[in-house]
Amino acid sequence: MTAHGTSETQTKVVVIGGGYSGTLAANRLRRRPGLHITLVNPRPRFVERIRLHQFVAGTHEATADYDTLLGDGIELVVDTATRIDTADRRIELASGTTLDYDYVIYAVGSTTALPTSVPGAAEFGYSVAELESAQQLRSALADLHPAAPVTVVGGGLTGVETAAELAEQGRRVTLIGGGQLVPTFSGPGRRSVVKALRRLGVTLMAADVVTEVRRDAVVLADGAVRPSAVTIWATGFGVPALAAASGLRTDDMGRLLTDETLTSVDDERIVAAGDCASPSGAPLRMCCATASQIGPQAADTVLSRIGGDIPARFDYAYAGACISLGRRAGIVQLARKDDAAVNVYLGGRMGARLKEAVCKGTLWSLRRAARKPEFAIAFKGGPRPTEPVPLPRAAV
């Protein structure tokens, strides 16, 4: 990674967001010599979001140096984009400075979404969705007696991984699922997860729903009050409001609406990738597997437009999902290309080794792309709408 000057004749591409998708996109752009590539990210180090539950438990630091992840010629700007001025092709930054652009890759990712509809969740709940919120949670746990009750709200992959990691460290953990644990897994896969959590001593309340969070308790839908010294809210994500603040059309969650080439429906010079993209109003699962496949293809769309070519429709597929259950167990749930789980999974220590291999392999792929811009991993054949999904009209 090196900073460099800009000539008036260079095509300027700004990648907003230095997560999995944005980092891969920035590296992929280097396939075309002579571009001025800038990556804007609010942090000076890359965050391994798939390890933040480990960061909270103190079993991994979950960050990496961008010097090892970005190829030569990519300029890293540590700042936050606050608005995209599409008329003047300028990005406004929180520091007060601006960046001119010819093309933007919009890869701002996803954020914490503590619900205002649940009293006390935003005030007293902690999140593991971002590094800063995970740091707050880690500090809170450090000040907590080991026997104090900890509640994890959310039965999805993040909630299960967080509950297991903390329980293995000796914490007294209750997991409240809100309906069903790991609902995207197969029946056999779910049963294996339940057994593993019980072995770790996690109290499971899969069907219960939290209706209020207090400083020292959670209130359930049936009125029951359970003590909770720390409550971790691990259900639901949001996205940054940058697209909406810039006058670009978004879906109900705030993801940038694009066509099937990942190009904004409002501006062909803006291309989206990762959790913040909503192609044809039919977004993919918000996860590392999606970001890793879509990031390079977003870069390819930009490169096609620069070269005067017609961009290709994006392609993708899934093979499954994996979760860690502490450091000694894990589950790899196999799935069809459309992400539908099949009744096959790998668990136990083998599952843990495979999950760890995926985490290490993700960083390896970023470093590989930094050295060889043509490198990309993508599957094909995932379903997409046969006809464009009607998109909402811009608000007046």
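General remarks:
- The one condition in (1) buried (at least 22 other Cβ atoms within 10 Å of the Cβ); (2) under 28 Å from Ile323 (Cβ atoms) that Thr258 fails to fulfil: (2)
- Subset of region 146-155 (residues that are surrounded by fewer than 15 Cβ atoms within 10 Å (Cβ to Cβ) and either touching a Gly at 6+ places or on another chain (Cβ under 7 Å) or touching a residue at least 60 places away in the same chain (Cβ under 8 Å) (or both)): Pro146
- Yes/no for Arg171 being in contact with a strand residue (DSSP E or B) (Cβ under 6 Å, 6 or more places away or on another chain), among the charged types (D, E, K, R) and modelled with pLDDT of 95 or more: yes
- Yes/no for Pro119 being modelled with pLDDT under 95 and either assigned to a strand (DSSP E or B) or under 23 Å from Gln180 (Cα atoms) (or both): no
- Residue list for region 225-239, restricted to those being over 30 Å from Gly348 (Cα atoms) and buried (at least 21 other Cβ atoms within 10 Å of the Cβ): Val239
- Among the residues making up region 76-103, a single one is in contact with a Leu (Cβ under 9 Å, 6 or more places away or on another chain), among the basic types (Lys, Arg) and closer than 18 Å to His36 by Cα: Arg90.
- Being surrounded by 16 or more Cβ atoms within 10 Å (Cβ to Cβ) and over 25 Å from Cys287 (Cα atoms) is not true of Arg49.
- Yes/no for Ala129 being assigned to a loop (DSSP other than H, G, I, E, B), crowded, with 20+ Cβ neighbours inside 10 Å and small (Gly, Ala, Ser): yes
Here is a yes/no grid of residues against (1) in a strand (DSSP E or B); (2) surrounded by 14 or more Cβ atoms within 10 Å (Cβ to Cβ); (3) not charged (D, E, K, R):
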{"residue": "Ile37", "(1), (2), (3)": "yes, yes, yes"}
{"residue": "Gln54", "(1), (2), (3)": "no, yes, yes"}
{"residue": "Glu61", "(1), (2), (3)": "no, no, no"}
{"residue": "Leu70", "(1), (2), (3)": "no, yes, yes"}
{"residue": "Arg83", "(1), (2), (3)": "yes, yes, no"}
{"residue": "Asp88", "(1), (2), (3)": "no, no, no"}
{"residue": "Glu92", "(1), (2), (3)": "yes, yes, no"}
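- Selection count where residues are within 20 Å of Glu48 (Cα to Cα) and in contact with a strand residue (DSSP E or B) (Cβ under 7 Å, 6 or more places away or on another chain), scope region 115-142: 9
- Filtering region 97-114 to residues that are touching a strand residue (DSSP E or B) at 6+ places or on another chain (Cβ under 8 Å), of a type outside the set (Ser, Thr, Tyr) and either surrounded by fewer than 17 Cβ atoms within 10 Å (Cβ to Cβ) or within 16 Å of Gly236 (Cβ to Cβ) (or both) leaves Asp100, Asp102, Ala113, Leu114.
- Residue within region 276-290 that is crowded, with 20+ Cβ neighbours inside 10 Å, among the β-branched types (Val, Ile, Thr) and closer than 25 Å to Arg89 by Cβ present: no
- Yes/no for Val77 being touching a helix residue (DSSP H, G or I) at 6+ places or on another chain (Cβ under 7 Å) and either touching a residue at least 40 places away in the same chain (Cβ under 8 Å) or among the β-branched types (Val, Ile, Thr) (or both): no
- Complete set of residues in region 304-346 that are closer than 22 Å to Gly170 by Cα and either of a type in the set (A, V, I, L, M, F, W, C) or buried (at least 20 other Cβ atoms within 10 Å of the Cβ) (or both): Ile323, Ser324, Leu325, Gly326, Ala329, Gly330, Ile331
- The set of residues from region 145-194 being of a type in the set (Lys, Arg) and in a loop (DSSP other than H, G, I, E, B) comprises just one member, Arg171.
- Qualifying residue in region 202-224 (condition: basic (Lys, Arg), surrounded by fewer than 17 Cβ atoms within 10 Å (Cβ to Cβ) and in contact (Cβ under 8 Å) with a residue 24 or more places away in the chain): yes
- Scanning region 230-248 for residues being part of a loop (DSSP other than H, G, I, E, B) and farther than 20 Å from Arg90 by Cβ gives a total of 4.
The values are calculated or read from the model by the stated rules, or taken from the named source; none is laboratory data. On a predicted model such as this, the values are computed, not experimentally measured, just so you know. All Cβ positions, even for glycine, are placed from backbone atoms using ideal geometry, and neighbour counts span all protein chains on display.
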